[in-house]
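Step one of this worksheet: look at the structure below.
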Amino acid sequence: MTEGTSNDSTSDHLSNNGRSCCNKESTNSNILDAVQTSIDSLANKEWSNVESRVLVVYTGGTIGMVRNNRGALEPKPRDLERRLRGYPHMHDEDLAKEKYPNSPFLVLPLYKEKHCIIYMIHEYSPLLDSSNMTCDNWATIAKDIRSVYKMFDGFVVLQGTDTLAYTASALSFMLENLGKPVVITGSQIPIFETRSDGRDNFVGSIIMAG
């Protein structure tokens, strides 16, 4: 997790460090449009009253994989959010309908009395094998966080565990001087398996970020 003191130069700092990391600029230009569309779906009153807003950047990794017909684990694009909506401990459908009826955001069940965290999934396409992640991918993650920095209270990055420590190290330099948490997590077993470290890692990361 990367934390620091917020200041007005945050956006410039993210941009400069992202560019200096590698020669080729890598961007994921859909993120701002996707976030703005989701925010626009909330009335101003609903959005301003939300207690915590978290962006989950899903880059890939075992944590979101599912089993194919042969029983082997594989990534399945555009499937993570749909499945999360069916798990009550990761999305409270009743609370979502009551408090945010027009919102596509997921709502974490209340904890610590009435603290509410809503979150959205921003999924990369294609999903990345973490063993093949490069500096370009780290720069993309940093730039994506930069582009929506003011819209969220915290950020979670989901990725494979092979290079998770390297991603954390790279982002700690790219995301200096932040006033908001960035939590990077993965798992050895997918979220949707009966026995999984992924669920606790996922929920715990959102709580820490929110």
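The values are calculated or read from the model by the stated rules, or taken from the named source; none is laboratory data. Only a predicted model underlies this, so the values are computations on that prediction, with no experimental measurement involved. Cβ: placed from backbone, ideal geometry, glycine included. Neighbour counts: every protein chain shown.
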For segment 35-57, does any single residue satisfy the condition of being small (Gly, Ala, Ser), in contact with an Asp or Glu (Cβ under 9 Å, 6 or more places away or on another chain) and either modelled with pLDDT of 90 or more or in a helix (DSSP H, G or I) (or both)?
yes
Test result for residue 146, farther than 22 Å from residue 84 by Cβ and either free of Cβ contacts under 8 Å to residues at least 60 places away in the same chain or assigned to a helix (DSSP H, G or I) (or both):
yes
Within segment 177-192, restricting to residues that are over 27 Å from residue 147 (Cβ atoms) and either in contact with a strand residue (DSSP E or B) (Cβ under 7 Å, 6 or more places away or on another chain) or modelled with pLDDT under 95 (or both), the one that is surrounded by the most Cβ atoms within 10 Å (Cβ to Cβ) is 190
Go through segment 91-108 and give me each residue that's surrounded by fewer than 17 Cβ atoms within 10 Å (Cβ to Cβ) and closer than 13 Å to residue 51 by Cα.
99
Looking only at residues that are buried (at least 18 other Cβ atoms within 10 Å of the Cβ) and either touching a Pro at 6+ places or on another chain (Cβ under 6 Å) or among the charged types (D, E, K, R) (or both) in segment 122-152, which one is farthest from residue 76 (Cα to Cα)?
146
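For segment 149-201, name all the residues that are polar (S, T, N, Q), touching a residue at least 40 places away in the same chain (Cβ under 8 Å) and assigned to a loop (DSSP other than H, G, I, E, B).
Those that are polar (S, T, N, Q), touching a residue at least 40 places away in the same chain (Cβ under 8 Å) and assigned to a loop (DSSP other than H, G, I, E, B): 159, 161, 177, 187, 188.
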